[in-house]
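Read-outs: derived from the displayed coordinates by stated rules, not from any lab. Keep in mind it's a predicted model, so treat the numbers as computed, not measured. So basically every Cβ, Gly included, is an ideal-geometry build from the backbone, and we count neighbours across all protein chains shown.
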Amino acid sequence: MMHNSLLIQEALRETNFNPLHRSRRKHHQGVRKLDFEELPREGEIKLPRVCLLKTHETKEGELAEARDDLAEFLSLCGFQLADTNYGQGAANTTVANTGGIIRLVIHTDAPEQGFRLSVAADEVELSAADLAGIWAGLVYMERELSLRQAPCLPSGLLNKKPQWAVQISQAPYGSNYLVPDLTDAYLSQDAFSRLIHMGANGMTIYGDWLCYVRSERFPELDCPDYESNIAMLRDAVYRAGQYGIKLYYVAVSPKLASDHPLFQRLPGTRGARIARDGQSSQGAIHNLCSTDGEVLLFHGEVMANLFEEVPGLGGLILIIGGESYYHCFMRPDLSEASDLSERTNCPACKGRTAEAAVNGLLAVTEEAVHAVRLGVPILAWPYSALWSAEPDQHTLIEGLPEGITLLSTIDKDQLVHKNGYSKRIWDYSVEYTGPADNLLKQKEQLEAKGRMLFVKTETALGMECQAFPYMPSMQRHAEKWRNTSAMRPAGVLQAWMFFGMWGSRAEELGWWMNWRPECPNEELLRLMAERDFGRAAAEDVLTAWNHMSEAASFYPCIPLYFIGPEFLGPAHPLIYEGDRAVPDSFTGRLYYLQELEETFSPHIREIRHTLVLDRIPLAFLAGAMVVDEGIRVEDILVREYTKGADAAYRAYSLLSSMKRPAAEPELLSNLEEETLLCEMFYRTFLTCAHTYRFLDLKQIAIGLDDAGKMTIDREIAALAAEELANARAALPLYEKAPWLDLSLRMDGQYPSSRDMLIEKISMLEVEYGSG
């Protein structure tokens, strides 16, 4: 993604207010009328249909959003509210007999980090020690009523605390998370209400911390918009806090040109020259030296000031592995290294170990921040720490400053053995559910030292299917969450900033594991299926989810970022590099490559990259897969994607054959959406199989005589006809499910999937006939 909002402000603003994006942020989306004829079960109390909402008198303003939220939910469920200000279910005149009271109360004897729910015949009281607890209890109560589909709650007193105190999500679909533009125009209130209803109490914001610099030490790095940037951050923190949400800042360090004025004045501040690729802008760029005394003081000064200016900021997430919180061992250009053992090109850091330099930077940051805000979480995340010779970063953890908490990933860097090959989990996976061997070792080391652990997972997708909002492989997602819970984390980062939090059942699983961990996976999945699809349909939906969980097992590798058939899906054309150039209509701007550019450089907007694979990337696959002797990687790709297509087709076929509940629009909408999603997965798997077979055949044909080439051409023609039929069948999906269109994403600038698909169909018809 971009490292700040400044280069794409207009697009971010438009997306935030796009009706499609906003519709996905409705926090009570899908709430159904309750059955008020249902009798209470043993141990339950049936709530009166008419009720009055009350809040703690001295906390009325603080509880306003929570009270209004509950009022909206109850109205949608069919309750009548005695206060006529509460919308849809309210009577036109004052209700004389309220029938029952629902009370929201903040007081100190309630459970910390949780809530107390008291259910009696004439009154329900939800109490908590703070606003975050009230929201947690409110979401719990709303979910209990929705699952029950009747106005009944268990009677008596419930004291509830979460399994982990901090659950951090990406921003919801279409909401901005890039600094500094965090006003309501870019990050509106519906984002925070959506997050809290999905069980998250934290949200990541991301980007260049040079946006928040005002320094006497390094005035060359001062931000001219410092005051307005700080004001926007302070306001966003306040608005999030109204919903019990805290913002966690993923801080991105400066990358500066080699002749930057700071480096000219203080040459010792210039750190490692950063490695770049051939499409980066010209000129060397450097990070700040991670062992220079003035630089270290500068880091502490900036981060401490940030928490002093914005005391409600939730915490810091410092990626110290392969990106973001830079040090001289992170991305050094070693192309001119004379010794293979060299780990940096920074003269000042060459004599140090990477672990010592990283922990020194963390120690200065932690000491400065905690001097201002004692106890605020500062998470160190060794994501893709190629500078470490240890997969579990043992040496780093041994020297980790006391005030720093390790954040590590549930699945990353594992080698998973499969049929004829092994899959390297070099990034987040929808298939592998963890826990990875390195995480288990880290957990053991931290427990021995009495230290906490935060765990990073992906709750809805993996890099194998990053084009989708979520993969409905629910059994596999539940297993991954259960494995995450088994790590006994102090907190969870449940998603990186890809599609945007969609509000899916897959994402809801995080709430279940945190607040209802006693509920077995099979039971919670059934409860969700019955709630969202109806009791009669639940069994078929569970079977479809199981087919999708099987489909996930056939992803042969974690593919290249944002290109290829895995990303473009059925819109990916059949093009071989020796035959024709990739049309410009299949190119896009890849914002993640901002990592290779100078801070605030606009270069990333000025260059387009092909999104098409026109040859099998064998060099890349040699690192992503370990293939057994005597087996061709090309054959594995085609075989596995074909099997994935078969499994996804079974899910799609089953869902599409189910009776449509026309009388219940919420259930109908859920079923239609799940069906469309499974069909797109099926057609994407099929395109992947066809594309890799096509590219393989083209390569094979090069060494054949004319007769052999004719045989290959016949097979290609047959394959092209199959893919043409697949592409034509996929075209209506983008009309029925426009949220699948890549042009709506904000982690890059991509062409319309529908437009690419139309052009692909035309290309196939011209080259291979209309079929």
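Loop-located GluC sites (Glu not before Pro) across the range 462-557 with a Cβ neighbour count of 13 or fewer within 10 Å are 518, with loop assigned by DSSP. Here the range 704-739 and the range 436-466 have alpha carbon centers that stand 41 Å from each other. Toward the positive end of the charge dipole of the chain, with +1 on the Cβ of Lys and Arg and -1 on the Cβ of Asp and Glu, the farthest Cα among 304, 326, 528 is that of 528. Restricted to Cα atoms, the range 519-639 shows a radius of gyration and a Dmax of 20.6, 57 angstrom.
The trypsin sites (Lys or Arg not before Pro) of the range 614-721 that DSSP puts in a loop, and whose beta carbon has at most 14 other beta carbons within 10 Å, are 615, 632, 659.
Excluding same-chain neighbours fewer than eight residues apart, the lysines reachable from residue 33 by a Cα-Cα span under 20 Å are 46.
So which trypsin sites (Lys or Arg not before Pro) in the range 322-407 are both in a DSSP loop and have at most 16 other Cβ atoms within 10 Å of their Cβ? Before the final figure, lay out the partial values.
Details: sites: 343, 350, 352, 373; in loops: 343, 350, 352, 373.
Passing sites in the range 322-407 are 350.
Within a straight-line Cα-Cα reach of under 24 Å, residue 350 can be paired with the following lysines, leaving aside sequence neighbours fewer than 8 residues apart in one chain: 255. Principal axis extents of the Cα atoms in the chain, from largest to smallest and rounded to whole angstrom, are 88, 69, 48. Taking amide H as placed 1.01 Å from N in the peptide plane, the amide H of residue 406 sits under 5 Å from that of 380, 454, each at least 5 places away or on another chain. The alpha-carbon atoms of the range 322-475, seen along their principal axes, cover 48, 45, 31 angstrom, with the largest extent given first.
What whole number of Å gives the distance from the Cα centroid of the range 472-544 to the Cα centroid of the range 585-647? Computed from Cα coordinates, the inter-centre distance equals 29 Å. Counting only cysteine Cβ atoms and a cutoff under 4.7 Å, the chain contains unmatched residues 51, 77, 152, 211, 223, 289, 465, 519, 557, 678, 688. Each part gets one Cα centre, and for the range 339-403 versus the range 6-66 those centres are 43 Å apart. Distances between placed amide hydrogens fall under 5 Å for residue 103 paired with 54, 124, 125, 126, all partners being 5 or more residues away or on another chain. For the range 370-375, 3J(HN,Hα) computed residue by residue from phi via the Karplus equation (6.51, -1.76, 1.60; θ = phi - 60°) reads 6, 5, 9, 10, 4, x Hz, glycine and proline entered as x. In this structure the amide hydrogen of residue 326, modeled in the peptide plane, comes within under 5 Å of the amide hydrogens of 253, none closer than 5 places in sequence on its chain.
In terms of overall dimensions, the C-alpha atoms belonging to the range 672-735 reach 50, 15, 12 Å along their principal axes, ordered largest to smallest.
Straight-distance candidates among the lysines for linking to residue 449, with alpha-carbon spacing under 27 Å and chain neighbours fewer than 8 residues away dropped: 161, 412, 441, 480.
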